[in-house]
Amino acid sequence: MRICVLGAGAIGGLLAARLARSGEQVSLLARGESLSVIGSHGLRLVEPDGSSVVAKELAVSDDLSAFGPQDLVILALKAHQIGAVADRLGVLYHSDTVVMPLQNGVPWWFFQRFPGRFSGHRLHTLDPDGAIEAHIPPDRIVASIAYPAAERRAPGVVCLIEGDRFPVGELDGQRSERATDIAHTLTAAGFKSRVLTDIRAHLWIKAWGNLAFNPISALTGATLAEICRFPATRSLARQMMLEATEIATKLGLELRLSVEQRIEGAEKVGDHKTSMLQDVEAGQTLEVEPLIGSFIELGQLTGTATPATETVYALVSLLNDRITTRK
């Protein structure tokens, strides 16, 4: 399979390295020092046990037109980075090219092919002018959820902390041949992947954690375990997640975990720095809207009060403003 991974960060690097090592024809969009290092020395993946592999069997460039049409395009960019490349994705498409987004939080495609109320509604916090939807048609999308905790330790070096699940699913819930093929490809690369018929409900459970733990960690510098073990921040995370639960209920999503089970799962990950905390430490723009702002918009859409979420949103928005102003 011809696979192009956009983004050489933690999740993009993990996928590109494993897929290339498994024999897939992988192209990787990278920039700056990452482009130079990977082009010269390959992409190094450090496994949880400390062992490492170097993937040299991949093409790397900062120009999408260098890759040609692909069978699968994996969007491993931050959500706020997609708009800048969306109009160039056409050079990667043939008639059956599939796009697999892997963003944290609520995705821009959430209401596309949605089997219920608000079908077709565009989330303005994520795709304000419709540019992303225009260049990534819903019929090209097979959704996925990135469960692994990973870190980009240096340009061209990615460390897997724990986890190996990348489930996939069609937006309309069908068990399609193309989704099954992608799941098999991911499984052959050493991941656990299966086809879900309710991808949004599973995504919501992941987004629960992104909603609460990412901004709290960014504001405090605390790891997942520290947030969960400190009573006040554990309570705040719980309150934010309960607000999101009410929204999910109004949208007709059936969640298979309780809030407390989700918090306990995060605590078990241990002293892992969330992606937003990693961005704070690197001085990078934060994913405020997809992780937090989108829930506020969904609250307004469904008539759900979100006071705790709005308070944290205000604080982390100021933090993001200070970071971007200094850049």
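The values are calculated or read from the model by the stated rules, or taken from the named source; none is laboratory data. Model, not experiment: these values are computed from the prediction. Cβ placement follows ideal geometry from the backbone for every residue including glycine, while neighbour counts extend to all protein chains displayed. Protein only, heavy atoms only, side chains kept; ligands, DNA and RNA dropped before computing areas. Shrake-Rupley method; radii C 1.70, N 1.55, O 1.52, S 1.80 Å.
Which residues, taken from segment 303-316, are open to solvent by 20 Å² or more (accessible area, probe 1.4 Å) and more than 16 Å from Thr220 (Cβ to Cβ)? Step through it out loud before you land on a result.
Going residue by residue through segment 303-316, those that are open to solvent by 20 Å² or more (accessible area, probe 1.4 Å) are 303, 305, 307, 310-311, 313-315.
Answer for segment 303-316, where residues must be open to solvent by 20 Å² or more (accessible area, probe 1.4 Å) and more than 16 Å from Thr220 (Cβ to Cβ): Gly303, Ala305, Pro307, Glu310.
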Restricted to segment 51-104 and to residues being open to solvent by 60 Å² or more (accessible area, probe 1.4 Å), not polar (S, T, N, Q) and not in a loop (DSSP other than H, G, I, E, B), the residue modelled with the lowest pLDDT is His80
In segment 118-159, anything of a type in the set (Asp, Glu), more than 29 Å from Gly265 (Cβ to Cβ) and surrounded by fewer than 20 Cβ atoms within 10 Å (Cβ to Cβ) is listed as Asp129, Glu133, Asp139
Cβ pairs under 8 Å, 6+ apart or interchain, first in segment 288-316 and at positive phi and touching a residue at least 12 places away in the same chain (Cβ under 8 Å), second open to solvent by 60 Å² or more (accessible area, probe 1.4 Å) and in a helix (DSSP H, G or I), ordered by first then second residue, are Gly303/Lys250
Counting only residues that are open to solvent by less than 20 Å² (accessible area, probe 1.4 Å), within 20 Å of Ile292 (Cα to Cα) and not small (Gly, Ala, Ser), segment 191-204 contains a total of 4
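Pro48 - would you say it is in a loop (DSSP other than H, G, I, E, B), over 15 Å from Leu160 (Cβ atoms) and open to solvent by 20 Å² or more (accessible area, probe 1.4 Å)?
On the way: in a loop (DSSP other than H, G, I, E, B): yes; over 15 Å from Leu160 (Cβ atoms): no; open to solvent by 20 Å² or more (accessible area, probe 1.4 Å): yes.
Against the criterion (in a loop (DSSP other than H, G, I, E, B), over 15 Å from Leu160 (Cβ atoms) and open to solvent by 20 Å² or more (accessible area, probe 1.4 Å)), Pro48 does not qualify.
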Going through segment 3-23 in order, the residues found to be open to solvent by 10 Å² or more (accessible area, probe 1.4 Å) and at negative phi are Ala8, Gly9, Ala10, Ile11, Arg18, Arg21, Ser22
Checked pairs for segment 131-160, first without any contact (Cβ under 8 Å) to a residue 60 or more places away in the chain, second open to solvent by 40 Å² or more (accessible area, probe 1.4 Å) and among the small types (Gly, Ala, Ser), C-beta under 6 Å and 6 or more apart or across chains, list as Ala131/Gly83; Ile132/Gly83
For segment 257-283, the count of residues that are in contact with a helix residue (DSSP H, G or I) (Cβ under 6 Å, 6 or more places away or on another chain) and among the polar types (S, T, N, Q) equals 1
Original post:
Can you spot a residue in segment 116-129 that is among the small types (Gly, Ala, Ser), within 30 Å of Thr311 (Cβ to Cβ) and out of contact with any Phe, Trp or Tyr (no Cβ under 9 Å at 6 or more places or on another chain)?
Top reply: yes
Taking segment 254-274 and the residues there that are in contact (Cβ under 8 Å) with a residue 40 or more places away in the chain and open to solvent by less than 30 Å² (accessible area, probe 1.4 Å), the one that is nearest to the chain's Cα centre (by Cα) would be Thr274
For helices (runs of 4 or more DSSP H) lying entirely in segment 247-327, having 3 or more residues that are β-branched (Val, Ile, Thr) and closer than 19 Å to Ile227 by Cβ picks out 259-269, 307-326
Just checking, does segment 211-218 include any residue being buried (at least 19 other Cβ atoms within 10 Å of the Cβ) and farther than 26 Å from Leu298 by Cα?
no
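Could we say that Val26 is open to solvent by less than 50 Å² (accessible area, probe 1.4 Å), in contact (Cβ under 8 Å) with a residue 24 or more places away in the chain, in a strand (DSSP E or B) and within 17 Å of Arg153 (Cα to Cα) here? Lay out the reasoning, then the answer.
On the way: open to solvent by less than 50 Å² (accessible area, probe 1.4 Å): yes; in contact (Cβ under 8 Å) with a residue 24 or more places away in the chain: yes; in a strand (DSSP E or B): yes; within 17 Å of Arg153 (Cα to Cα): no.
In short, no.
If the requirement is being of a type outside the set (D, E, K, R) and at pLDDT 95 or above, which of these qualifies: Pro128, Pro115, Pro148, Pro167?
Numbers: Pro128 fails: at pLDDT 95 or above; Pro115 fails: at pLDDT 95 or above; Pro148 fails: at pLDDT 95 or above.
Just a single option satisfies the conditions, and that option is Pro167.
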Checked segment 184-232 for anything assigned to a helix (DSSP H, G or I), closer than 26 Å to Asn320 by Cα and of a type in the set (S, T, N, Q); matches are Asn210, Asn214, Ser217, Thr220
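Test Glu246 against the stated conditions and say whether it is over 27 Å from Ile323 (Cα atoms) and in contact with a Cys (Cβ under 8 Å, 6 or more places away or on another chain).
Criteria not met by Glu246.
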The correct count of residues that are without any contact (Cβ under 8 Å) to a residue 40 or more places away in the chain and surrounded by fewer than 19 Cβ atoms within 10 Å (Cβ to Cβ) in segment 223-233 is 4
